[in-house]
Structure formats: structure tokens, C-alpha cells
1. So for the pair A740, I519, with labels modelled 7 Å out along Cα→Cβ, what separation do we get in nm?
2. In nm, to one decimal, how far is the modelled label at I379 from the one at D114, with both set 7 Å along Cα→Cβ?
3. Kindly sort R422, R368 by accessible area of their heavy atoms, largest first, with the probe set to 1.4 Å.
4. Which length gain, in nm to one decimal place, applies between R779 and E679 when the Cα-Cα distance is subtracted from 0.36 nm times their residue separation?
5. What residue among T435, G202, G754 has its Cα farthest toward the positive end of the dipole of the chain, where the charges are +1 on Lys, Arg and -1 on Asp, Glu, each on the Cβ?
6. Where q = 0.14, 0.17, 0.18 Å⁻¹, what log10 of I(q)/I(0) comes from the Debye formula for the range 215-365, counting one point per Cα?
7. So what are the ³J(HN,Hα) numbers for the range 354-363, from phi and the Karplus equation (6.51, -1.76, 1.60; θ = phi - 60°), rounded to whole Hz, Gly and Pro as x?
8. Could you give the distance between the Cα centres of the range 533-547 and the range 498-526, to the whole Å?
Amino acid sequence: MTARTVAAGPPRSGAYLSDSRPDLTPFETSLGTLRGFAPVEPLEAWIATGRLTEAAALELYDDLLAIRELEEMIVRLRSGGYPPLPGYDYRGPTHVSMGQEATAVGACTALRPDDQITSSHRGHGDAIAKGFAAIRRMSGSQLRARLERSTARAGGSAASDAGSPGTLLEAALEEHVYRTIAELFGKEEGYCRGRGGGMHVGDFSTGHLGANAIVGGSVPIATGAAMAARYERSDRVVCCFAGDGAYANGVVLESLNWATQAQWTNHLAGERPFGLPIIFFIQNNHYGMTHRTDDEVMGVRHLARRGAGFAEENMHAELVNGMDVLAVRDAVERAAAICRAGEGPVLLEASTYRYYGHSLSDPRNEYRTREEEAAWRAIDPLARLRGQLLEAGVADESALAVLETRARERNERAAVRAAAGRDPEPAAILDYLYTDGSSDVVPAKDRVVTAEAGHSVTGPGGGELSYRDAIRAAIAGEMLRDHRVICYGEDIADYGGAFKLTKGLLDTFGRERVFNTPISEACIVGTAVGAAIAGLRPVVELMYMDFALMASDQIANQAGKWHYMSGGVLQVPLVIRASVGAGKGYGGQHSQSLESVFTHIPGMYVVYPADPADAKGLLAASIRTNNPVLFVESQALYPMKGPVPEGEHVVPLGVARVARSGSDATIVAWGPAVADAIEAAERLHTERGVEAEVIDLRSLVPLDMETVLGSVRKTGRCVVASHAILVGSYVNEIVARIQAEAFDALDAPIGRVGAANGISPQAEVLERAFLPHPDDIVRAIAALF
Ligand SMILES: Cc1ncc(C[n+]2csc(CCOP(=O)(O)OP(=O)(O)O)c2C)c(N)n1
Ligand SMILES: [Mg+2]
């Protein structure tokens with residue numbers, strides 16, 4: 001594939017001026033038709049018409065058996081009675097999905113191996129089914145290579161020496177069960193090296209992007225993965241499994257709105273209108289945890305009706321019999337075809353049932369009858385397919401018994417092997433928290449031909465630039481360099497963002513790479529996580545840092561955690577730009593400096609530049625690192641001008657800067673507090689003859705403690721300053737580290753400067769009293785002598 005070209009000159013699918021006139025003509029409309037439980041042909045007909053081979057029909061049964069066997073094992077382990085592992089102490093969650101197996105198998109076998117899924121806390125079935133479906137379509141050499149990789153991981157014990165193709169496939173299937181169980185058991189051989197466990201398990205190599213223990217948490221991630229497929233012109237589809245309870249969650253409803261946005265398919269899509277290729281697959285087992293969803297906590301009988309609220313055509317919503325593997329397969333085959341044709345998204349609601357409680361500690365009898373359970377067990381998906389296989393003459397009793405014994409024995413062998421697996425080393429507790437990886441070299445297919453690009457957005461090409469223009473220059477530079485970099489947020493396209501930082505990017509790069517979003521902060525970040533996991537490098541804007549709290553789950557539990565929870569397999573290269581509005585009289589909800597909150601989230605980088613040169617260089621580095629970055633900007637600094645190197649300028653993350661040299665005292669600061677510190681240092685020099693050294697941390701995570709300690713050891717006195725309130729501030733972390741690591745060098749207690757421990761007020765006099773000033777730093781340093 002050749003490098004990509006960015007057209008110079010007039011906008012490609014650029015800015016448009018809305019000219020929508022009032023149209024208040026009376027009208028009536030219906031909300032579309034909701035299809036439910038469409039009849040599905042019997043198995044004989046599937047086989048007769050070649051829609052399913054006899055072998056494939058038996059594979060469906062084998063897949064169902066594999067899930068049931070694995071979950072029966074969990075039930076028995078929990079009660080201490082799994083014969084192959086007597087006395088094994090199984091710890092961790094027990095959200096078994098027995099009863100729901102047809103949803104996982106029907107859907108995953110209707111997908112292609114390169115299609116992707118996300119899953120939930122009740123996701124053993126999804127994990128087994130996606131892996132089995134993909135493995136069954138691998139060639140002999142692919143199976144062999146897969147087994148060899150697994151053997152290397154397991155220290156040489158995989159069954160890779162199997163001879164005939166049949167046994168090779170069986171060995172790979174068993175290996176999948178083994179790696180899945182090893183993850184449940186917290187073993188190094190598990191798919192996530194024991195860091196994720198059952199609620200986060202995923203075999204990323206077969207298209208499983210991870211299960212999620214945050215109810216609804218994976219839905220925007222799947223949506224972002226579908227955006228990546230659309231952007232890359234791939235015809236892969238993402239199937240997002242989540243429960244009925246999840247469909248009350250804000251981020252899920254945001255995702256439905258996100259996926260159905262008009263701009264994917266209308267005139268704004270330019271030459272390529274293409275709906276997001278995502279199947280929202282509701283595994284409706286009719287319960288949240290113990291509450292009844294449809295009869296208690298929602299106002300519609302069928303969740304699929306929600307589709308009507310988001311798309312004119314009811315979002316291709318449909319109800320499916322989730323107890324019938326053929327019905328699910330039929331619906332997902334049709335849904336995938338819709339998505340591949342660019343007509344997505346699709347909303348499928350599968351009506352199903354979990355036989356056990358929410359987890360095995362839930363005896364179910366407090367909220368449902370045994371009669372209800374018996375009625376669902378009477379339409380058990382395994383029994384149903386078994387009956388159909390016999391009826392269609394695909395297999396007789398003895399052939400099915402062979403399959404059943406094989407599934408049981410496969411699981412037993414895998415479980416025994418997994419139980420004997422390696423526990424992770426305690427010393428490796430912090431492994432996979434961050435990655436050293438970065439996009440220093442852009443793959444050829446993603447390189448952009450810069451020679452043809454319009455450079456207008458990068459400003460006057462260096463020299464004096466404002467902090468604002470330096471940020472734009474960094475984004476533009478990285479977009480020119482790497483086609484995987486896309487840029488989105490509220491109002492960032494035509495208008496250029498609330499603060500005009502992205503003005504001009506739409507004209508240069510087109511709407512596929514620069515677009516406005518709904519006011520959905522959780523979805524802005526969540527889709528970026530999914531797009532990043534799927535291979536893009538999104539740079540997203542949160543208008544004010546205060547709004548990051550709207551996206552806090554997606555930042556803290558998703559962006560920050562997936563590299564670790566996947567055992568280092570997944571990478572989440574994304575930048576969340578968030579700007580601090582303090583100093584404008586905007587009051588308590590638009591003025592917070594919340595960087596400290598996010599330093600408490602392991603897995604996230606937190607970067608806060610103090611001047612234009614660093615704004616450009618640190619942002620370029622943030623876009624290139626494979627870690628997720630919260631990039632904090634100060635609105636007060638946007639107009640600040642300063643020298644900015646022309647062209648490529650990358651400032652490494654985790655390297656602090658000596659912004660002013662001095663020998664009498666150290667001021668550690670970041671963001672706008674650096675300018676305060678420099679001003680304070682100048683005054684200390686002229687007014688008191690004190691030479692203060694100013695250390696600009698640049699990034700709080702990663703933290704360059706060496707530079708701080710080196711300075712403190714030289715000066716013996718230190719003040720740490722930021723614009724955040726002091727309670728719970730990162731200032732305190734720096735103080736604690738200096739005290740622990742350079743106590744002997746200190747000639748005085750360490751001073752702290754921050755905002756008042758309150759809420760940012762509107763009144764100007766109050767806001768002045770609230771925010772810290774250079775005076776405060778001068779006073780704090782003076783107090784050390
Ligand atoms: C955001 C969030 N809230 C609450 C929980 C606790 N919780 C775990 S599963 C669950 C019920 C989810 O119901 P549903 O989405 O229907 O999935 P099911 O358990 O029925 O498979 C709850 C409340 C959670 N994990 N995440
Ligand atoms: Mg449920």
C-alpha cells in the first residue's frame with residue numbers, strides 16, 4: 001500500500017454553513033416497525049439448502065457444550081466438587097451464563113474471524129465462542145503457528161505435536177479452553193497473564209477486544225472499534241455483547257446516539273456515506289443484578305424499541321429468540337450483512353435466561369420462582385439443538401455422546417493443566433502498567449505525503465507562536481505524519497473548538513479525520529479507547545477539564561486499565577485534551593484544575609505544558625506514545641507567546657525542565673504555576689537577593705523525580721506550587737517524595753502553594769482570593785529562611 005496523500009488547497013469535505021429554515025408544518029409519523037421472533041427454518045432446511053453443513057451443525061453443538069462444560073466446572077469448583085481438581089480453591093467472580101450459550105455461539109459463528117466483539121462480566125460464553133469460531137476457520141499452518149506461540153508462552157507444554165488436521169484443530173480448541181481457564185485461575189499462561197481474570201478476559205488474536213466488568217463500559221469501546229473499521233475502509237464488523245441492565249446506562253444510550261449520527265451517512269460523509277458497522281447485541285436475560293428490567297426499571301417491554309429513539313428507520317432493531325442458536329445465527333448473519341453494506345448500526349435483542357443467580361452467591365429465590373426457571377430450562381438451547389441434530393439425522397445418540405464426552409474431557413484436561421500453571425511473580429506487580437512503545441516509525445500504509453499537504457494550519461512555521469497555535473501546530477504536524485491520527489470533540493471542526501485551537505484542521509484534513517461530536521464526553525473518550533485499541537491514534541478534546549468527570553469511567557477504568565488488564569497485549573494510544581478555565585469568572589463547574597485526580601489513576605499519563613514550545617513538543621510526544629495521555633491545557637496560557645521550534649519538535653515525556661537556575665531555593669511547578677514561579681523567582685532575586693531555581697515538571701506522570709531531587713539537594717529549600725486546590729493535590733505527592741528521598745538535604749520544611757481549599761467562585765475578588773499568585777510563592781519561599 002502506498003503512503004496517503006493529503007490534498008492541498010480547497011477543503012475536501014470541509015466547512016459548510018448550515019442554512020436550515022424553520023419548518024413547522026404539522027405532521028404525524030410512526031416510529032417504524034419492530035420485528036420480533038421471526039420464524040427460523042428448521043435445521044434440516046439449513047442443511048438442505050447448504051446454509052449449514054452437517055459438520056458445521058455439529059460444531060455449533062460442540063461450541064455450546066464447551067461453554068456449558070466450562071461453567072459447570074465453575075459451579076462445581078465453587079462448591080468444592082470438581083472431580084479433576086479436588087479441593088481447588090477457586091477465587092474470583094462466578095457470573096455464569098448457563099442458559100445464554102446460544103447467544104454467544106449463534107452470534108460468533110455468524111461473524112468472520114476478523115470481526116471483533118466486546119463482552120461483559122458474564123462473558124465466558126462469548127470468549128469461548130469467539131475463539132472457537134475463529135480457530136475453526138484457521139488453516140493448518142495458522143493452527144500450528146498459534147499452537148507454537150501458545151507453547152512458548154506455557155513453557156513448552158501445549159499439545160502442538162498433534163498430527164492430522166483434525167487433531168490439530170482439536171488441540172487448538174483445547175488450547176483456547178486452557179488459556180481461558182488459566183485466565184480465570186489467574187495464571188501467567190492466561191490470555192491476560194492473570195491480570196484481567198474472568199471479567200476482563202479476551203483473546204485479542206481472535207477478535208475479542210475484552211470483556212468489561214463495568215456494566216455498559218464496553219459499549220462505547222465497541223463503537224470506537226467500529227469507527228476504526230469504517231475509517232480504515234475495512235469491511236469488518238464489531239458485535240457488542242451487553243446485558244439488558246446495561247441498556248439503562250448513560251454511556252450505552254450515548255453510544256446508540258453516537259453510532260446513528262447523521263454525519264456518518266449524510267452529505268457530511270462526502271464521497272463515502274457509510275453507517276457504523278456495529279451490532280449492538282443485547283443479551284436480555286431479563287434481570288439486572290436481581291431486579292427485573294422489563295417489568296420493573298424500564299418503561300418499554302422490549303429494549304429493541306429503544307432503536308426507534310435514535311434512528312429514523314428504527315436502527316434495524318429486531319428481537320430474537322436467544323434460546324435458539326439458529327435464530328441468533330440467522331439474525332446476526334443478516335445484521336452483519338447490513339453492517340458490511342454500510343447500513344449499520346443494528347440493534348438486536350436476544351431474549352434469553354441465566355439459569356443461575358447473578359453470581360453463585362445469589363440463591364435467586366428472593367426474587368423469582370422455580371416455575372419461571374423451569375419454563376426457561378424447558379427450552380434449553382443445548383437440548384433444542386441436540387433434538388434437531390437427531391431429528392435431521394445429522395448424528396445419532398452415540399455420536400452426540402462422543403461429542404459430549406469429548407467436551408467434558410477437553411475441559412478437564414485444560415483445567416488440570418491450568419491449575420498447574422505458573423502464578424505471576426509478585427515482583428512483576430507493576431509490569432504492563434505502561435508501555436515503552438511509541439509510533440516513532442509510522443507504518444508505510446499510514447504515512448502521509450507531506451509534500452502535497454496544505455500547511456496553513458501550522459501557523460507561521462515556528463518562531464514566535466502562541467500556546468494556542470503551538471497546540472494546533474502539533475496536532476497538524478502529527479496528522480500530516482500519520483494517517484492513524486484523527487481528531488474529534490465537541491464543535492472542533494467547522495468552528496475550530498470553543499477556543500479555536502483546531503480551527504483550520506477540517507479544511508486541511510477533511511471531515512473523516514476532523515469532526516464534531518455529540519455532547520457525550522463519556523462517548524468521546526470511550527470511542528477513542530475503542531478506536532485506539534483497534535489501531536487508530538485519536539486526539540480528542542474535552543472542552544473544559546471539569547467535563548472529564550463526565551467521562552471518568554472511560555478515562556479511569558478503560559483508557560488507563562486496558563494495557564494492564566490485557567497483560568500487555570492491548571495498547572491504548574490516545575490523547576485526551578482538556579482545558580482548565582480558571583481565572584475567567586466561570587465559577588465552580590468550569591474552572592477546576594483536576595490534574596491531580598488523574599494522577600491517581602494508574603495507567604494514564606498526565607501532561608501539563610507551561611509554555612508554547614512545550615505545548616507543541618509535549619503534545620507531539622503525547623500523540624506518539626502508545627500510552628493514554630490526559631493532556632492538560634490552561635486557557636489562561638492560550639494567548640502566551642514564545643519561541644517554538646519549527647517543524648518536528650518532540651519533547652520526551654517524563655523529563656522535567658529547569659526553567660530558571662538558582663542555588664538558594666527550588667520551586668517545583670507545572671502548568672500556569674510555572675510562569676508564577678518564574679515571576680516569583682525574579683522578585684526574590686531583586687527584592688531579597690534569593691536565587692530560586694524553577695523546575696517545570698512538564699508531565700506529572702511519568703514523573704522526573706531525579707531532576708527535582710537534584711535541585712533540592714543543591715538548594716536545601718523547596719516550595720511546590722500548582723493551581724489546584726491543596727487538598728489531595730499532586731503537590732503533596734511531590735512533597736512526600738522529597739521528604740522521603742532527600743530529607744537530609746532539607747534546611748527547612750517544604751512549602752506548598754495552591755488554590756484555596758474550596759470551590760472556584762464567580763465574583764472577581766473572590767476568584768482572585770481563590771487562585772494562587774506569584775506573591776504566594778514569594779511568601780512561601782521567604783518563610784523558609
Ligand atoms: C457501572 C456498574 N454498575 C453496577 C455494577 C454491578 N453489577 C454488576 S453486573 C450487574 C447487573 C448487570 O445486568 P445486565 O447488564 O443485564 O447483565 P447480566 O448480569 O444480566 O448479564 C450489576 C448491577 C457494575 N459492575 N458496573
Ligand atoms: Mg441481564
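1. If labels sit at A740 and I519, their model points lie 4.3 nm apart.
2. 3.7 nm
3. Ranked from most to least accessible, the order is R422, R368.
4. Taking 0.36 nm per residue and subtracting the Cα distance, the gain is 34.7 nm.
5. T435
6. -0.66, -0.93, -1.03
7. 3J(HN,Hα) across the range 354-363, in whole Hz: 9, 6, 9, x, 3, 9, 6, 8, 9, x.
8. 10 Å
The values are calculated or read from the model by the stated rules, or taken from the named source; none is laboratory data. These numbers come from a predicted model, not from an experiment. Note that each Cβ is placed from the backbone with ideal geometry, even for glycine, and that neighbours are counted across all protein chains shown. Protein only, heavy atoms only, side chains kept; ligands, DNA and RNA dropped before computing areas. Shrake-Rupley method; radii C 1.70, N 1.55, O 1.52, S 1.80 Å.
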